[in-house]
Structure formats: structure tokens, C-alpha cells
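K.L.:
Structure provided below as C-alpha cells; questions to follow.
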Amino acid sequence: MKTKQLTTGAILAALALALSYVEGMFPPPVPLPGVKLGLANIVTLFALYTLGAPSALAILLVRVLLGAMFAGNASALIFSLLGGFSAMLAMVALRRWEKLSVYGVSVGGAAAHNCGQVAAAMLTLGSAAPAAYLPPLLVAAVFSGALTGFVCSLLLRRKVF
Amino acid sequence: MNKSPDGKPNKYDALVVLVVLALAAALGARVWFAPKSPAAELVVSVGNTECERIPFDDTEREYTNNGYTVHLAVTPDGAWVDHADCPTQDCVRTGVISRPGQSIVCLPARIVIAVEGAEESGWDAIAG
Ligand SMILES: [Zn+2]
């Protein structure tokens, strides 16, 4: 039982890493460098539903740290750290509201992810200016959140792992 | 743990979407409906420190930081980065900014160019 959790976790972490890499090849949704749409949140969401919050957190940590190592810069670490953990916190909180389906949890997580990234940009630049990008990013989060929710609901229904 | 979620979005999910969109609209209204006040000026920060304030007049500036150079064009109608040698080119793609709250960010060069409104509000201008 424990071993199966560990292998699933490892596969999910690798998948998350691959997703954030693929995502880095697309231009950011707003002209704010470092900002990503948050496709890797699919994995956090899926892990949250199948393995529980502690495992999801561990997978997130591995993804963020390894991702920063591959990217080789510290500012990317701040973006994925703040984005990833904000999304994680929001999704754990929203999941407690049992009336929500995976879509609502996902959209809330995506919105939190983008807020975290804007906060990272504000910290990195020492300026409040990036806050102006929050509105379009929140609108984008509705779409990326719906997409990740859709993918996750498919995965959950087919019980891949 | 197996609180299997319904695979279909429901009205509570729609509520989450509404809250997110409402937040976007509320925050966006402040920027997009901000009046273009003639007294607004550009505030340029290079490497986390404010270095210059430029009024909206015909002029141009060049900033070099962190190994990258950003070229800024300013007219009475707005300001934009017309060319830069940073790898991402996000600053160039941002286009023209003119309203208080808008900004151009170049992360590789650590340069922020933001529009700041005049201190007096529109109401004062009407009263005066
Ligand atoms: Zn640039």
C-alpha cells in the first residue's frame, strides 16, 4: 500500500515537472515574464483527490525544487513556489466545501495560483506595478482552471492510478 | 478520502467562477476606467529603486541594467518600449501604456515603467 503511494507520487511529480517545462515553451498569458498558466496544477489537484493533502504537498515541493534546478534560476523558484503553494492552499480549503465539484476547486486553485505569481513578480521587482496584470490573469484562471478541472475529472473517472 | 467528486460542474462551481470574475472586474475597473489625467507621469524603477519620473512629453530614454538595454519612447499619448535586447521581449510586446496603474515590466533587466496619476483626484479638478 505504502509502496504504491510512493510510486504513484513519483510518477505524478515527474508528470508535473514535464507539464511545467512544456508550459515554459509558450509565451506567458500576460506580458509579465515568469508568469505561467498553471497547467501543472492538474497534478496537484489530482494528487489532492487521490493521495490526500500531505502527498500532494510533497509532490508539489519536488516539482518546484527540481523545476528551479533545471531552469537554473532563483527567480523562477519564487514564481513557482508562490504560485504552486497558493493554489495548493486554496484547493485544500475549497475541497472541504463538499458541494463543489472538481471544477470549482480547480478554478479557485488557478485563481490563487495567478495571485501568487503576481505576488512573486511584485516581490522580485520590488514594485506594485505587476498588480495591474491581476484582472486579465484572473479571467485567464477561469479558463485554465476549467481545463485542468476537465482533465482531472477525466483522470478521476478512469481511475488511472 | 473517497468523497468521489461529481464529474460535472454544478451551480456552486459557477459561484466560484463568478467570485473570481467579480474580483477581476473590481480590480480591473480601477485601471481601465481610470481617467487619463494630463498630469500623470511615468515612474521608472531600475533594479528595485526608483530612478526617474518622466512627464508625458515627446522624448525617449534608454536604460541599461543587469546586462540588458531597454529603449523607451514617450509621447503625450502614451509610452512604450520600442526595442530591447532582453531574451523574453515581454516589455516590447506590452505595447502602449497611458493610464495610471498600467505598467511595462522587463524582468530580465529588472526594469519597471509605471504610469502614476496626479495626486489630486478628478473631483478636486471639477470643484476647482
Ligand atoms: Zn524586456
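K.L.:
Could you look through the range A:149-160, keep only residues that are touching a helix residue (DSSP H, G or I) at 6+ places or on another chain (Cβ under 7 Å) and either closer than 18 Å to A:LEU82 by Cβ or aliphatic (A, V, I, L, M) (or both), and pick out the one that is modelled with the highest pLDDT? Before the answer, list the steps.
P.N.:
Initial filter on the range A:149-160 (touching a helix residue (DSSP H, G or I) at 6+ places or on another chain (Cβ under 7 Å)): A:149, A:151-153, A:155-156.
Next cut, either closer than 18 Å to A:LEU82 by Cβ or aliphatic (A, V, I, L, M) (or both) only: A:151, A:155-156.
Working: A:VAL151: 89, A:LEU155: 85, A:LEU156: 85.
Out of the qualifying residues, it is A:VAL151.
K.L.:
Within the bounds of the range B:80-93, is there any residue that is in a strand (DSSP E or B), under 20 Å from B:ASN48 (Cβ atoms) and within 9 Å of the ligand (Cβ to nearest atom)?
P.N.:
The first filter runs over the range B:80-93 and keeps only residues in a strand (DSSP E or B), leaving B:80-84.
Adding the requirement that they be under 20 Å from B:ASN48 (Cβ atoms) leaves B:81, B:84.
Of the ones still in play, those that are also within 9 Å of the ligand (Cβ to nearest atom) are B:81, B:84.
Within the range B:80-93 (the criterion being in a strand (DSSP E or B), under 20 Å from B:ASN48 (Cβ atoms) and within 9 Å of the ligand (Cβ to nearest atom)), the answer is yes, since at least one residue qualifies.
K.L.:
So, one more: Take the residues of the range A:102-161 that are aromatic (Phe, Trp, Tyr) and more than 30 Å from B:GLY117 (Cα to Cα): which is nearest to the other protein chains (Cβ to nearest Cβ)? Quick ask: steps written out before the conclusion?
P.N.:
Applying the first criterion (aromatic (Phe, Trp, Tyr)) to the range A:102-161 yields A:103, A:133, A:143, A:150, A:161.
Imposing the further condition that a residue be more than 30 Å from B:GLY117 (Cα to Cα) reduces the set to A:103, A:143, A:150, A:161.
Working: A:TYR103: 4, A:PHE143: 10, A:PHE150: 9, A:PHE161: 13 Å.
Restricting to residues being aromatic (Phe, Trp, Tyr) and more than 30 Å from B:GLY117 (Cα to Cα), the top hit is A:TYR103.
K.L.:
What pairs come out if I take residues in the range A:99-112 that are charged (D, E, K, R) and pair them with residues that are assigned to a helix (DSSP H, G or I) whose C-beta lies under 7 Å away, six or more apart or interchain?
P.N.:
A:LYS99/B:TYR12
K.L.:
Another question, if that's okay. Regarding A:ARG95, is this residue charged (D, E, K, R), facing chain B (nearest Cβ under 10 Å) and touching a residue at least 24 places away in the same chain (Cβ under 8 Å)? Give the derivation first.
P.N.:
Values: charged (D, E, K, R): yes; facing chain B (nearest Cβ under 10 Å): yes; touching a residue at least 24 places away in the same chain (Cβ under 8 Å): yes.
Spelling it out, A:ARG95 is indeed charged (D, E, K, R), facing chain B (nearest Cβ under 10 Å) and touching a residue at least 24 places away in the same chain (Cβ under 8 Å).
K.L.:
Sticking with this one: Say we look at the range B:94-108 and pick out the residues that are touching a residue at least 40 places away in the same chain (Cβ under 8 Å) and either of a type in the set (Gly, Ala, Ser) or within 7 Å of the ligand (Cβ to nearest atom) (or both); which of these is farthest from the other protein chains (Cβ to nearest Cβ)?
P.N.:
Looking at the filtered set, the residue picked out is B:SER98.
K.L.:
Using the structure shown, decide if B:VAL74 is within 10 Å of the ligand (Cβ to nearest atom) and at negative phi.
P.N.:
In short, no.
K.L.:
Within the range A:130-150, count every residue that is touching a strand residue (DSSP E or B) at 6+ places or on another chain (Cβ under 8 Å) and either surrounded by fewer than 24 Cβ atoms within 10 Å (Cβ to Cβ) or not aliphatic (A, V, I, L, M) (or both). Write out each step before concluding.
P.N.:
Quick first cut of the range A:130-150, residues touching a strand residue (DSSP E or B) at 6+ places or on another chain (Cβ under 8 Å) only: A:130, A:132.
Among the residues that remain, those that are also either surrounded by fewer than 24 Cβ atoms within 10 Å (Cβ to Cβ) or not aliphatic (A, V, I, L, M) (or both) are: A:130.
Going through the range A:130-150 one residue at a time, the tally reaches 1.
K.L.:
So, one more: Helices (runs of 4 or more DSSP H) wholly in the range A:37-138 with at least 1 residues that are at pLDDT below 85 - which ones? Give the derivation first.
P.N.:
Values: elements: A:41-50, A:53-71, A:74-95, A:102-125.
The qualifying helices (runs of 4 or more DSSP H) are A:53-71, A:74-95, A:102-125.
The values are calculated or read from the model by the stated rules, or taken from the named source; none is laboratory data. The structure presented is a predicted model; accordingly, all values stated were derived computationally and were not measured. As a convention, Cβ positions derive from the backbone with ideal geometry for all residues, glycine included, and neighbour counts pool all protein chains shown.
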